[in-house]
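Novice: Provided herewith is a single structure, encoded as structure tokens, for subsequent inquiry.
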Amino acid sequence: MNSKLKDLTLLDGSDFAKIAGGSDVSGHESFDVMDPGSGTPICRLTASNLKDVDEAIHAAKQAFPTYSAIPARERAMLLLNFDRLVRDNLEDLAWILVFETGKPLEEARAEVQYALTFSWWFVGEAERIQGQVVKSATNPSLRFLTVLQPVGPVAILTPWNFPVALFVRKAVSALAAGCTIVVKPSPETPLSTLAIANLLRRAGFPSGAVNIVLASYRNTPAIGQALCTDSRIKKLSFTGSTRVGRLLMQQCAPTLKKLTLELGGLGAYLIFSDADVEAAATALVANKLRHAGQTCISAQRAFVHESVLDRVLKIIADQLDRITLGHGADASTTLGPLQTERGQQKAREHIADAKAKGATVYTSKASLPSSGYFVAPTLLAGCTADMLVFQEESFAPLINVASFSTEQEAVALANDTDMGLTSYVFTKDSARLWRMFEQLKAGNVGLNVGGSTTAAEIPFGGVDQSGFGKEAGIGAGLKEYMTEKSATMSIA
Ligand SMILES: O=CCCC(=O)O
């Protein structure tokens with residue numbers, strides 16, 4: 001274990017055993033957790049096997065009747081305990097993220113702060129779960145009633161890019177609704193999941209309410225399939241690629257599970273000629289460099305009005321030169337590595353493909369560290385629809401730019417995708433802003449906002465191939481974990 005992490009009580013091995021499964025680990029496979037900033041292992045963990053998965057599901061099913069019967073106020077108090085524990089352990093969680101994901105310390109802290117917006121929000125949401133009473137529109141002696149009930153044990157599959165925030169968002173939604181959970185983190189980022197699970201346990205969630213299974217790189221598909229096909233699991237929530245989302249949906253079909261799928265994004269970023277160009281271009285750089293571009297809501301395709309294109313490109317190039325690449329633990333680092341060597345290879349392929357098809361490539365002058373999975377921030381100008389960078393998520397610090405001349409053309413270019421998770425528009429014309437909000441094919445839109453467009457207060461989710469179901473928001477995120485039962489009552 002890395003020296004910075006080895007004394008953290010959140011990573012206490014005996015607690016892990018209690019959370020992650022049995023003490024007899026014979027016959028289990030082990031796997032390395034890597035530090036992407038150095039390309040070396042941080043530690044070796046034991047993966048769960050299918051028997052552990054069965055036991056975790058059994059525990060979640062056994063605990064469900066008792067946990068779901070706990071009054072909402074008590075569930076809210078458990079969530080409040082958890083929220084306080086995350087606050088108290090913010091710094092330790094951030095350090096785990098630095099070594100496990102490679103993100104710079106400030107970004108890691110920001111991820112934990114972001115997670116806290118959800119733990120806090122769902123303390124309140126737990127008490128706001130209400131059905132409806134409706135008078136019949138045709139029969140004066142009939143009333144209709146609905147009640148919301150937790151759906152049952154839930155499987156949660158979390159991604160490696162925001163392993164704390166996205167686990168917390170899903171876990172607190174399910175637990176607030178009264179569901180028990182079985183969580184499988186990505187094999188790249190099990191440590192932060194175990195640390196959060198540790199805090200949930202310390203917060204007082206009863207035995208069986210929170211269960212973790214750890215998958216190795218090799219047995220991830222088998223464990224995912226076991227969770228999808230098991231009829232004791234009533235709902236699956238997943239964040240990850242569209243390809244894997246489709247596969248999980250197929251595997252869930254025989255048991256007709258409720259699904260929340262947060263999948264890939266090929267978001268557009270429109271800068272009109274009447275925008276605050278400096279602010280829009282600066283926000284684009286920040287958007288694309290958040291976690292080195294490994295964010296589903298980052299703008300994969302930027303479209304800039306031809307009259308301001310040169311200015312925008314210059315601002316971006318200047319800012320890319322001011323970046324310091326390095327290990328997340330170094331105070332001077334402003335941009336970390338990619339999560340994996342595979343990701344680094346894909347980014348290189350995307351740059352080569354764009355160059356071969358005619359893009360102008362500008363590479364940041366920042367020096368590249370000699371080890372770790374780093375990719376230099378790169379500006380690709382003159383991008384076209386046939387380039388990989390306009391067809392697939394790069395998940396890398398690549399800023400891919402094309403130009404447009406009319407609003408109509410901008411909308412057509414932006415909507416030329418079926419993965420419209422998040423798009424962004426910059427203009428000072430408020431009527432145009434409104435038109436873009438309505439016309440862009442996206443699950444959510446940044447209107448003169450280039451930073452994060454997701455928040456606890458609003459529902460977040462995609463359209464088309466970027467998924468379905470909502471996370472967070474007033475009632476929306478909670479209802480994903482509940483069924484609405486209706487009744488008809490005679491008062492005659
Ligand atoms: O990668 C997806 C991150 C989505 C979010 O910011 O909530």
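The values are calculated or read from the model by the stated rules, or taken from the named source; none is laboratory data. Source: prediction; values computed, not measured. So basically every Cβ, Gly included, is an ideal-geometry build from the backbone, and we count neighbours across all protein chains shown.
Novice: Considering only region 376-396, state which residues are buried (at least 24 other Cβ atoms within 10 Å of the Cβ), in a loop (DSSP other than H, G, I, E, B) and free of Cβ contacts under 8 Å to residues at least 60 places away in the same chain.
Specialist: Hits for region 376-396: nothing passes.
Novice: Same structure, new question: Name the single residue, out of those in region 315-329 being part of a loop (DSSP other than H, G, I, E, B) and in contact with a Ser or Thr (Cβ under 7 Å, 6 or more places away or on another chain), that is surrounded by the fewest Cβ atoms within 10 Å (Cβ to Cβ).
Specialist: Restricting attention to region 315-329, the residues satisfying the condition of being part of a loop (DSSP other than H, G, I, E, B) are 322-324, 326-329.
Pick out the ones that are also in contact with a Ser or Thr (Cβ under 7 Å, 6 or more places away or on another chain) and you get 323-324, 326-327.
Numbers: Ile323: 18, Thr324: 13, Gly326: 23, His327: 22.
The qualifying residue surrounded by the fewest Cβ atoms within 10 Å (Cβ to Cβ) is Thr324.
Novice: Within region 463-473, how many residues are part of a loop (DSSP other than H, G, I, E, B), over 17 Å from Tyr114 (Cα atoms) and either within 10 Å of the ligand (Cβ to nearest atom) or out of contact with any strand residue (DSSP E or B) (no Cβ under 7 Å at 6 or more places or on another chain) (or both)?
Specialist: 1
Novice: Select the strands (runs of 3 or more DSSP E) contained entirely in region 133-173, then report the ones holding at least 1 residues which are under 23 Å from Tyr217 (Cβ atoms), assigned by TED's automatic domain parsing to the domain that holds Thr66 and away from the ligand (no atom under 13 Å from the Cβ).
Specialist: The qualifying strands (runs of 3 or more DSSP E) are 154-157.
Novice: Listed residues Asn211, Asn198; which is of a type outside the set (A, V, I, L, M, F, W, C) and in a strand (DSSP E or B)?
Specialist: Asn211
Novice: If you don't mind, there's one more thing I want to ask. Checking Gly245 against (1) in a helix (DSSP H, G or I); (2) away from the ligand (no atom under 16 Å from the Cβ), which single condition isn't satisfied?
Specialist: Of the numbered conditions (1) in a helix (DSSP H, G or I); (2) away from the ligand (no atom under 16 Å from the Cβ), the odd one out for Gly245 is (2).
Yes/no per residue for (1) in contact (Cβ under 8 Å) with a residue 40 or more places away in the chain; (2) in contact with a helix residue (DSSP H, G or I) (Cβ under 8 Å, 6 or more places away or on another chain):
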| site | (1), (2) |
| --- | --- |
| Ile129 | yes, yes |
| Leu145 | yes, no |
| Leu148 | yes, yes |
| Val168 | yes, yes |
| Ala171 | no, yes |
| Pro187 | yes, yes |
| Ala195 | yes, yes |
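Novice: When region 120-152 is examined, which residues are found to be crowded, with 16+ Cβ neighbours inside 10 Å and touching a Phe, Trp or Tyr at 6+ places or on another chain (Cβ under 8 Å)?
Specialist: If the condition is that a residue be crowded, with 16+ Cβ neighbours inside 10 Å and touching a Phe, Trp or Tyr at 6+ places or on another chain (Cβ under 8 Å), then Pro150, Val151, Gly152 are the ones that fit.
Novice: Ser237 passes all but one of (1) away from the ligand (no atom under 16 Å from the Cβ); (2) part of a strand (DSSP E or B); (3) among the hydroxyl-bearing types (Ser, Thr, Tyr); which number fails?
Specialist: Ser237 satisfies all of (1) away from the ligand (no atom under 16 Å from the Cβ); (2) part of a strand (DSSP E or B); (3) among the hydroxyl-bearing types (Ser, Thr, Tyr) except (1).
Novice: Then there's this: Would you pick out the residues in region 229-244 that are more than 21 Å from Leu478 (Cα to Cα) and buried (at least 16 other Cβ atoms within 10 Å of the Cβ)?
Specialist: Result: Asp230, Ser241, Thr242, Val244.
Novice: Continuing with this model, one more query. Can you name every residue in region 436-453 that is touching a Leu at 6+ places or on another chain (Cβ under 8 Å), outside any loop (DSSP other than H, G, I, E, B) and more than 13 Å from the ligand (Cβ to nearest atom)?
Specialist: Those that are touching a Leu at 6+ places or on another chain (Cβ under 8 Å), outside any loop (DSSP other than H, G, I, E, B) and more than 13 Å from the ligand (Cβ to nearest atom): Met436, Phe437, Leu447.
Novice: May I pose another question? Quick one: which residue in Tyr373, Tyr424, Tyr362 is in contact with a helix residue (DSSP H, G or I) (Cβ under 8 Å, 6 or more places away or on another chain), assigned to a strand (DSSP E or B) and within 25 Å of Glu341 (Cα to Cα)?
Specialist: Tyr362 is the lone residue from the list that is in contact with a helix residue (DSSP H, G or I) (Cβ under 8 Å, 6 or more places away or on another chain), assigned to a strand (DSSP E or B) and within 25 Å of Glu341 (Cα to Cα).
Novice: Same structure again: Restricting the search to region 397-416, which residues are outside any strand (DSSP E or B) and surrounded by fewer than 24 Cβ atoms within 10 Å (Cβ to Cβ)?
Specialist: Restricting attention to region 397-416, the residues satisfying the condition of being outside any strand (DSSP E or B) are 397, 405-416.
Once the filter is applied, which keeps residues that are outside any strand (DSSP E or B) and surrounded by fewer than 24 Cβ atoms within 10 Å (Cβ to Cβ), region 397-416 yields Ser405, Thr406, Glu407, Gln408, Glu409, Val411, Ala412, Leu413, Asn415, Asp416.
Novice: Might you check whether a residue that is within 16 Å of the ligand (Cβ to nearest atom), buried (at least 22 other Cβ atoms within 10 Å of the Cβ), of a type in the set (Ser, Thr, Tyr) and not in a loop (DSSP other than H, G, I, E, B) occurs anywhere in region 289-301?
Specialist: no
Novice: Which residue pairs have Cβ atoms closer than 6 Å, lie 6 or more positions apart in sequence or on different chains, and pair a first residue in region 295-314 that is closer than 20 Å to Val361 by Cβ and without any contact (Cβ under 8 Å) to a residue 60 or more places away in the chain with a second residue that is of a type in the set (Val, Ile, Thr) and away from the ligand (no atom under 16 Å from the Cβ)?
Specialist: These pairs meet every condition: Arg311/Val277.
Per-residue answers, yes or no, for (1) out of contact with any helix residue (DSSP H, G or I) (no Cβ under 9 Å at 6 or more places or on another chain); (2) over 24 Å from Ala347 (Cα atoms); (3) not acidic (Asp, Glu):
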| site | (1), (2), (3) |
| --- | --- |
| Gln391 | yes, no, yes |
| Ile399 | no, no, yes |
| Arg435 | no, yes, yes |
| Gly450 | no, no, yes |
| Ile458 | no, yes, yes |
| Phe468 | yes, yes, yes |
| Ile474 | no, yes, yes |
| Met482 | no, yes, yes |
| Ala492 | yes, yes, yes |
